[in-house]
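All of the numbers you see were taken from the coordinates with simple rules; none came from a lab. Not measured: the values here are computed from a predicted model. Every residue, glycine as well, gets a Cβ built from its backbone with ideal geometry; the counts of neighbours run over all protein chains shown.
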Amino acid sequence: MNFQKNQKVVNAVINYPILSSFGIIYGQVYTPLATIRNKKSMIKKHIFKFIQAKYGITEQQIIEHDRRPFKVELRQIICLYCRDNEFTLKAIGALLGGRDHSTVVNNLKKGNAYLQFEEQYSENYKAFVRSFDIYLSGI
């Protein structure tokens, strides 16, 4: 009986992340908050370099107020990726040239809708995430 209780506790620890002041603990795997913050700074530092290398579009071209579909889609993908990596709305807005948090919310809302209903958009987002994560891991 005691073994079953202990097994339930172990399963609970493995399945539920614990946020402490030092980091996030997933069962026995510990991810320091410094590592999470470091990934955010890596994203901020390299996302526009990656986009320029892959798509040939500069940071200035992305953050300018231009509503051409490919630029809008890239901004939405940046918003989605950053939000998936726990950026605040304010931080995402700052990354995109000082945009307001409500603009970021609108991009996230539309981006999430496109992810659900537009297969090509979803494939583009997944390809971006895969290739950018590979790019970051090589740095």
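A compact table of results
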quantity: Selection within the range 94-139 - among the aliphatic types (A, V, I, L, M), in a helix (DSSP H, G or I) and loosely packed, with under 11 Cβ neighbours inside 10 Å; calculated: I134
quantity: Selection status of E86, on the phi > 0 side of the Ramachandran plot, acidic (D, E) and either surrounded by fewer than 16 Cβ atoms within 10 Å (Cβ to Cβ) or not in a helix (DSSP H, G or I) (or both); calculated: yes
quantity: Scan of the range 89-139 for residues that are hydroxyl-bearing (S, T, Y) and in contact (Cβ under 8 Å) with a residue 12 or more places away in the chain, ordered by number; calculated: Y114, Y121, Y125, S131, Y135
